[in-house]
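The values are calculated or read from the model by the stated rules, or taken from the named source; none is laboratory data. As the structure is a computational prediction, the values presented were derived from the model and not from experiment. Glycine also receives a Cβ, built like all others from the backbone with ideal geometry; neighbour counts cover every protein chain displayed.
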Amino acid sequence: MKNIRTSLMELLKSGYCAPRIANLAAKLKEPSTTIHYNLRQMEKDGIIKTYKAVLDYKRVDEGLCSFVLVNLSPDEYTDPERIAKSLAKLGNIESVDMLSGEWDMLIKVRTKDTDEYYQFVRRVLQQKGVAKINTLNSLKQIKTEFVEV
């Protein structure tokens, strides 16, 4: 059988998952039709944006999780979202958040190892408007996306 794991994982990470309605119905002791109706309503109302798989990142060669604090150059304060959206397009980025306080952005990035992370940092520092970064590496993740690991 053809091995499509890599392609499949990319789709699962980006939101190509479906809820297991039968499992939800059993857990909540409600009919499947009630679960389905409520999920569709929450999707329609924009409460549910997507469904996504929670992966064991060590097993897919993305075991280094880093949180990158970003400061923008003063001339870029007028449009920080433009820079955030530009950074979000870089590979390996799981999330980009705008911050208040000493730092302007927080990026969560997953890479295979420090060599791959170094290449990522080089790409971030080349982005127009990025003045300074500070990295915090995760030593062990206990909970992610509301799921204990």
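Matching residues to (1) closer than 21 Å to S14 by Cα; (2) touching a residue at least 24 places away in the same chain (Cβ under 8 Å); (3) surrounded by fewer than 14 Cβ atoms within 10 Å (Cβ to Cβ); (4) in contact with a helix residue (DSSP H, G or I) (Cβ under 6 Å, 6 or more places away or on another chain):
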| site | (1), (2), (3), (4) |
| --- | --- |
| S73 | no, yes, yes, no |
| L87 | yes, yes, no, no |
| S95 | yes, no, yes, no |
| Y118 | no, no, yes, no |
| G129 | no, yes, no, yes |
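For the stretch 101-116, taking the residues that are in contact (Cβ under 8 Å) with a residue 40 or more places away in the chain and within 14 Å of the chain's Cα centre (by Cα), the one that is nearest to R82 (Cα to Cα) is identified as I107.
Among residues of the stretch 134-145 that are within 13 Å of R110 (Cα to Cα), those with a beta-carbon under 9 Å from a residue that is of a type in the set (S, T, N, Q) and surrounded by 10 or more Cβ atoms within 10 Å (Cβ to Cβ) at least six positions away or on a different chain give the pairs T135/S66; L136/S66; N137/S66; N137/T114; S138/S66. For the stretch 78-97, filtering for residues that are assigned to a strand (DSSP E or B) and within 15 Å of Q127 (Cβ to Cβ) leaves 2.
If we scan the stretch 120-129, do we find a residue that is over 15 Å from L87 (Cβ atoms) and of a type in the set (S, T, N, Q)? For the stretch 120-129, residues over 15 Å from L87 (Cβ atoms) and of a type in the set (S, T, N, Q): absent. For the stretch 43-52, the count of residues that are in a helix (DSSP H, G or I) and farther than 30 Å from T6 by Cα is at least one. Checking the stated criteria, T34 turns out not to satisfy the condition of being surrounded by fewer than 12 Cβ atoms within 10 Å (Cβ to Cβ) and either of a type in the set (V, I, T) or at positive phi (or both). Among the residues of the stretch 111-133, those identified as among the charged types (D, E, K, R), out of contact with any Leu (no Cβ under 8 Å at 6 or more places or on another chain) and not in a strand (DSSP E or B) are D115, R122, K128. Among the residues of the stretch 1-30, the ones that are polar (S, T, N, Q) and within 16 Å of the chain's Cα centre (by Cα) come to 1 in all. In this structure, D61 qualifies as surrounded by fewer than 14 Cβ atoms within 10 Å (Cβ to Cβ), under 24 Å from the mean Cα position of the chain (by Cα), of a type in the set (D, E) and under 30 Å from Y117 (Cα atoms).
Given the criteria modelled with pLDDT of 85 or more and not basic (K, R), does S66 qualify?
Details: modelled with pLDDT of 85 or more: yes; not basic (K, R): yes.
It is true that S66 is modelled with pLDDT of 85 or more and not basic (K, R).
Looking at the stretch 38-48, can you tell me whether even one residue there is surrounded by 13 or more Cβ atoms within 10 Å (Cβ to Cβ) and within 21 Å of E94 (Cβ to Cβ)? For the stretch 38-48, residues surrounded by 13 or more Cβ atoms within 10 Å (Cβ to Cβ) and within 21 Å of E94 (Cβ to Cβ): present.
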